[in-house]
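Reviewing the structure listed below.
The values are calculated or read from the model by the stated rules, or taken from the named source; none is laboratory data. None of these values were measured; they are calculated from a predicted model. Because the Cβ atoms are built from the backbone with ideal geometry, glycine has one as well, and the counts that use them run over all protein chains shown.
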Amino acid sequence: MHLSIRGGWNRLAYQLHRHRFMNWTLTRWLVLALIALPLLALTGIIPGGKAALGATAIFSIAGLFTLWRTRRGGFLHFSPSDATDFSKITPQKLPFPEKIPIFISGWFSVGGKSRYFVHENAFYQTFETRERVLMVSIARTRWLLLAQSPAAETGWWYNFFTADRIRQLERGWLHFGMHPRPALKLHLSPEKAGDAPLVFHISTETPAQMEQLIADLKVEIGGGNTNKI
């Protein structure tokens, strides 16, 4: 099976971002350590003189840039695939109240608060009105023994949308974790004028679940013979 070093790093960076120690994210602790390295070399605590200073400075700058770029990219990478064909999937409504278990990445809201999550357990459901909901379940987790995810984020988070807001649907590969996963990239128009468009990355445990989800979306939005609807 193909391995993705980039996907493994994305997952690690997300865990550092999600978990906290003494009210600081592990990412912030790592940034502090990267900034401290050249200072320790400059003061002589790290021996080696100018060579050590140069090496630690390059390492720190590279590390800080990598963290910034990974966060800016949403802790994941999506590679579109030109080999898929939505026209082979027959439109079929998902019966209410049936739900499709998925893994999802994107922005979700509840109680006036919004949070960004990556590859978390979720469900896709279509109501009798044909409005859809993406609902993600966030459990509190512990990582590296002492670090914990925020208690305030525990519970269900949601995003509701109708078919007229779907701008584009792509199939490809999601790089989050050491093994790339087949995934959908769902582009939605903003709910309110002036807001930014929304993007969700969706993957499933089985190809059948993915096709069931696409079949439900195709009921209203139709489909072409490419990997984009």
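In this entry, Thr126 is excluded by the filter for residues that are at pLDDT 95 or above, among the polar types (S, T, N, Q), touching a helix residue (DSSP H, G or I) at 6+ places or on another chain (Cβ under 6 Å) and under 30 Å from Ile46 (Cα atoms).
Just one of the listed residues (Val136, Val118) is under 17 Å from Phe161 (Cβ atoms) and surrounded by 15 or more Cβ atoms within 10 Å (Cβ to Cβ), and it is Val136. Scoring Phe103 on the criteria (1) assigned to a loop (DSSP other than H, G, I, E, B); (2) aromatic (Phe, Trp, Tyr); (3) under 16 Å from the mean Cα position of the chain (by Cα) leaves a single failure, condition (1). Do we have Phe176 as crowded, with 19+ Cβ neighbours inside 10 Å and over 18 Å from Phe86 (Cβ atoms) here? So Phe176 passes the test.
Note on the stretch 1-74: enclosed helices (runs of 4 or more DSSP H) holding 2 or more residues that are loosely packed, with under 11 Cβ neighbours inside 10 Å are 49-72.
Going through (1) among the hydrophobic types (A, V, I, L, M, F, W, C); (2) outside the structural domain of Arg20 (by TED's automatic domain parsing); (3) closer than 27 Å to Ser4 by Cα; (4) surrounded by 15 or more Cβ atoms within 10 Å (Cβ to Cβ) one by one, Leu144 falls short only on (4). List every residue pair whose Cβ atoms lie under 6 Å apart, where the two residues are 6 or more positions apart in sequence or sit on different chains, the first residue falls within the stretch 102-122 and is in contact (Cβ under 8 Å) with a residue 24 or more places away in the chain and charged (D, E, K, R), and the second residue, located anywhere, is outside any strand (DSSP E or B) and surrounded by 15 or more Cβ atoms within 10 Å (Cβ to Cβ). Every condition considered, the pairs that remain are Arg115/Glu153.
Restricting Thr154, Thr129, Thr204 to residues that are surrounded by 19 or more Cβ atoms within 10 Å (Cβ to Cβ) and out of contact with any His (no Cβ under 9 Å at 6 or more places or on another chain) narrows the list to Thr204.
Within the stretch 176-203, residues that are under 17 Å from Tyr116 (Cβ atoms) and assigned by TED's automatic domain parsing to the domain that holds Ala163 reach partners that are in a loop (DSSP other than H, G, I, E, B) and among the hydrophobic types (A, V, I, L, M, F, W, C) with beta carbons closer than 6 Å, at six or more positions or on different chains, in the pairs Phe176/Leu76.
Taking each residue of the stretch 27-45 that is under 21 Å from Leu12 (Cα atoms) and looking for partners that are loosely packed, with under 14 Cβ neighbours inside 10 Å and among the acidic types (Asp, Glu) with beta-carbon atoms closer than 6 Å, six or more apart or interchain, yields nothing.
Condition check ((1) at pLDDT below 95; (2) more than 27 Å from Leu213 (Cβ to Cβ); (3) in the same structural domain as Met210 (by TED's automatic domain parsing)) across all residues:
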residue: Ala41; (1), (2), (3): yes, yes, no
residue: Thr84; (1), (2), (3): yes, no, yes
residue: Pro95; (1), (2), (3): no, no, yes
residue: Ile104; (1), (2), (3): no, no, yes
